[in-house]
Amino acid sequence: MDPAQNEFLAGLEAKTKKPSPFFRSMAHRPEVLKNFVPFYGAIMGPGAVDRRIKELVYLTCSYANECAFCTAAHVASGKKAGITDDELRALQTEQDHGFTPAERAAILYARELTQAATGDETRDGLFEHFNDEQVVEITLVAAVANFTNRFNNGLSILPEE
């Protein structure tokens, strides 16, 4: 969708200073875009869970779903959150041994949730490192990552070169 046809989209792109094929696609349903942006911000913005953990969870889901758009976006934000290139490769290849126990618990949970196969043991493992609020927040991050991954993959939305 052309931002000239959608005031909210035009405002988003003015803030980010670049066109977003994700937002432009979602703008075909303007009410969804208007509600998605604050919803996403509430999940991915400041909360009870450290930004690094959120990015590890988002990237875990995006790698598992092979979502090029979300991976590209979250590699950049993950690096800002302190995730190294070696850690990115480790996530991609499921070599989680270099992460802290709390990070490994969140990564495993996100990976299993993405496969719709989360067991009680994995979920219980989160509670060894995180409180109820944090477990809910980690679940929301994985859920929104899977939503955006499937939206982008379903519509073949790719990062711009």
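Check whether at least one residue in region 115-122 is touching a Ser or Thr at 6+ places or on another chain (Cβ under 9 Å) and either in a helix (DSSP H, G or I) or among the aliphatic types (A, V, I, L, M) (or both), and report yes or no.
No, region 115-122 contains no residue that is touching a Ser or Thr at 6+ places or on another chain (Cβ under 9 Å) and either in a helix (DSSP H, G or I) or among the aliphatic types (A, V, I, L, M) (or both).
Can you name the residue in region 1-45 that is in contact with a helix residue (DSSP H, G or I) (Cβ under 7 Å, 6 or more places away or on another chain) and among the polar types (S, T, N, Q) and is also modelled with the highest pLDDT among such residues?
Going through the qualifying residues, I end up with Ser20.
Give the residues of region 20-52 that are assigned to a loop (DSSP other than H, G, I, E, B) and without any contact (Cβ under 8 Å) to a residue 60 or more places away in the chain, sorted by residue number.
Across region 20-52, the qualifying residues are Ser20, Ala27, His28, Arg29, Gly45, Pro46, Asp50.
Name the pairs: first residue in region 4-15 and under 12 Å from Pro30 (Cα atoms), second residue outside any helix (DSSP H, G or I) and not small (Gly, Ala, Ser), Cβ to Cβ under 8 Å, at least 6 apart or on different chains?
Within 8 Å, the pairs are Leu9/Met1.
Give the residues of region 103-125 that are of a type in the set (A, V, I, L, M, F, W, C), surrounded by 10 or more Cβ atoms within 10 Å (Cβ to Cβ) and over 18 Å from the mean Cα position of the chain (by Cα), sorted by residue number.
Initial filter on region 103-125 (of a type in the set (A, V, I, L, M, F, W, C)): 105-108, 110, 113, 116-117.
Remaining after also requiring surrounded by 10 or more Cβ atoms within 10 Å (Cβ to Cβ): 105-108, 110, 113.
Correct list: empty.
The values are calculated or read from the model by the stated rules, or taken from the named source; none is laboratory data. Everything numeric here is computed off the predicted structure, so don't read it as measured data. Cβ atoms come from the backbone with ideal geometry, glycine included; neighbour counts cover every protein chain shown.
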